[in-house]
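Participant: Shown below is the structure under consideration.
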Amino acid sequence: MMKVKFWGVRGSIPCPGPQTMKYGGNGACIELRVDDREEIIIIDAGSGIRELGNALVKNDLPAGPLKIAMYLSHTHWDHIMGFPYFTPIYIPGTRMTVHGPVTYEDDPLKDVVGGQMKYRYFPINVGELASDIEYKRLREEPDMDLGNGLLLTTKFLNHPITALGYRFEYQGKIFCTCYDHEPYRNLFITDPEHPEYDEAMAYEGEEVAREQNQAVEEFFKGADLLVHDSQYTAEEYKTRVNWGHSTFEWAIAAANRAGVKKLALFHHDPDRTDAQIENMAKTYCEPKKYGDTEVFFATERAEIIL
């Protein structure tokens, strides 16, 4: 059995307040528990990780030192900003491995994540932490054996910096994340009337985009639960191309083509109110509208058992 719990579902910046109380205003953070596995898996360290850390200290620490595997989708600030407020890193005996991609060869993951804990930004330096933290850089790799029957596959996504999707497989169940991600598109000029139009390059660009989008769909094919970036509507996306995010329409269509069983729409825009999401749910989450794919908006504190 795998149990997924959402501790933060927002994108870009935390947005607490009366208009975001139902779905939540905290930045991306997901907890994954796997049967018979002492290690707690955390995906991303947005502001939602603060409450997760408090829960771990209250409910898990009394049974013994915490063992944590953190997987970062990427190192944009909204996905790492909660790290300094994660209480377990201040507790002796905590053992944590932070996995994730980095964009620049000269910047190790430790410096990217821990760099926000310098005195100019934060009162406690990363070198003063009482826990034992190891950093491991990840690239795209299939079927990594994490032990006890748990497999992990990583997939590069389309974002302004290097980002990874995660596919966890355990006892026939599949849990995938696909954020922050924007559909691949043809980057060459496609208008035949344009003076710099090149037919061969336009065709090649179209083929490359198609192949890359297909590869992402293969990555989450058959998932029991897919958490997919869906920050914008198709109309909103027209003015946000190259910002690194998907639309509801794209995420739903891709999940449906890939035979996904449950699709959690994730990375809600910080300006999206509860009332707006409720209204959108009537359009995007209508039961049986997409065949066997159940579509819902991710909600802070919600738990899903696979």
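The values are calculated or read from the model by the stated rules, or taken from the named source; none is laboratory data. Since the structure is predicted, the reported quantities are computational estimates derived from the model, not experimental observations. Positions of Cβ are generated from backbone atoms using ideal geometry, with glycine treated the same way; all protein chains shown enter the neighbour counts. Note: accessible area is taken over every heavy atom of the protein model, side chains too, but ligands, DNA and RNA are not part of it. Shrake-Rupley method; radii C 1.70, N 1.55, O 1.52, S 1.80 Å.
Participant: Going by the alpha-carbon gyration tensor, a ≥ b ≥ c the square roots of its eigenvalues, is region 85-173 rounded (a/c under 1.5) or, if a/c is not under 1.5, prolate (a/b greater than b/c) versus oblate?
Facilitator: Note, shape of region 85-173 comes out oblate.
Participant: Accessible area of region 2-305 with a 1.4 Å probe: how many percent of it is carbon plus sulfur?
Facilitator: That share works out to 50 percent.
Participant: Can you work out ³J(HN,Hα) from phi for every residue in region 167-174, in order, using Karplus 6.51 cos²θ - 1.76 cosθ + 1.60 and θ = phi - 60°, giving whole Hz and x for Gly and Pro?
Facilitator: Values, residue by residue: 10, 9, 10, 8, 6, x, 9, 10 Hz.
Participant: Got a sec? Charge dipole of the chain, +1 on Cβ for Lys and Arg, -1 for Asp and Glu; which of 119, 232, 190 is way out at the positive end?
Facilitator: 119
Participant: Once both axes come from the Cα atoms, what is the angle between helix 199-219 and the longest principal axis of the chain, in degrees from 0 to 90, rounded to 10?
Facilitator: On a 0 to 90 degree scale, this one is about 40.
Participant: Another question about this same structure. If amide hydrogens are placed 1.01 Å from N in the peptide plane, which non-local residues have theirs closer than 5 Å to the one on residue 222?
Facilitator: 259, 260
Participant: Which ³J(HN,Hα) values in Hz, rounded to whole numbers, follow from the phi angles of region 292-300 under the Karplus curve 6.51 cos²θ - 1.76 cosθ + 1.60, where θ = phi - 60° and Gly and Pro get x?
Facilitator: 8, 8, 8, 10, 8, 7, 4, 10, 4
Participant: Which value in Å does the Kirkwood hydrodynamic radius of region 1-109 take, with 1/r averaged over all unlike C-alpha pairs and then inverted?
Facilitator: The Cα-based Kirkwood calculation yields 14.4 Å.
Participant: For region 2-305, what does the accessible surface come to per residue with a 1.4 Å probe? Please give it in Å².
Facilitator: 48 Å²
Participant: Which ³J(HN,Hα) values, rounded to whole Hz and listed in residue order, are derived for region 56-67 from phi using the Karplus coefficients 6.51, -1.76 and 1.60 in 6.51 cos²θ - 1.76 cosθ + 1.60 with θ = phi - 60°, glycine and proline given as x?
Facilitator: Values, residue by residue: 5, 5, 6, 9, 10, 4, x, 8, x, x, 7, 10 Hz.
Participant: Then there is this: Pick out, in residue order, every one of the GluC sites (Glu not before Pro) in region 3-91 that is DSSP loop and has at most 14 other C-beta atoms within 10 Å; say none if there are none.
Facilitator: In loop regions of region 3-91 (DSSP not H, G, I, E or B), the sparsely surrounded GluC sites (Glu not before Pro) are 38.
Participant: So if I place +1 on the C-beta of Lys and Arg and -1 on the C-beta of Asp and Glu, and nothing else carries charge, what would the dipole magnitude of region 26-163 be about its Cα centre? I want it in debye, nearest 20.
Facilitator: For this selection, approximately 380 debye.
Participant: List the chymotrypsin sites (Phe, Trp or Tyr not before Pro) in region 75-149 that DSSP assigns to loop (not H, G, I, E or B) and whose Cβ has at most 13 other Cβ atoms within 10 Å. Which are they?
Facilitator: Hits after loop and neighbour filter: 104, 119, 121.
Participant: Shape call for region 2-305 from the C-alpha gyration tensor, a ≥ b ≥ c root eigenvalues: rounded (a/c under 1.5), prolate (a/b greater than b/c) or oblate?
Facilitator: prolate
Participant: Follow-up question, since we're still on this one. Can you return the aspartates and glutamates within cross-link range of residue 288? Criterion is Cα-Cα under 19 Å, with same-chain partners fewer than 8 residues away left out.
Facilitator: The qualifying aspartates and glutamates are 224, 249, 278.
Participant: Continuing with this model, one more query. If contacts are Cα pairs under 8 angstrom and at least 6 residues apart, what is the relative contact order of region 49-124 in percent?
Facilitator: RCO, region 49-124: 34 percent.
Participant: Suppose a student asked you for the relative contact order of region 147-306, using Cα pairs under 8 Å spaced at least 6 residues apart; what percent would you report?
Facilitator: The value is 19 percent.
Participant: From Cα pairs below 8 angstrom and at least 6 apart in sequence, can you work out the relative contact order of the chain, rounded to a whole percent?
Facilitator: This gives 18 percent for the chain.
Participant: Oh, and also: About the Cα centre of the chain, what is the dipole size in debye to 20, counting +1 per Lys and Arg Cβ and -1 per Asp and Glu Cβ, all else neutral?
Facilitator: Roughly 1360 debye for the chain.
Participant: Right, next: Mean residue ellipticity at 222 nm from the helices of the chain, using -39,500 (n - 2.57) per DSSP H segment of n ≥ 4 over the full residue count, to the nearest 500 deg cm²/dmol?
Facilitator: The per-residue figure over the chain is -6000 deg cm²/dmol.
Participant: Given a cut-off of 20 Å, name the pairs among 5/289; 173/221; 110/136; 136/221; 67/110 whose C-alpha atoms lie farther apart than that in the structure shown.
Facilitator: Over 20 Å apart, Cα to Cα: 5/289; 136/221.
Participant: What trypsin sites (Lys or Arg not before Pro) does region 199-306 have in DSSP loop regions with at most 10 other beta carbons within 10 Å?
Facilitator: 238, 288
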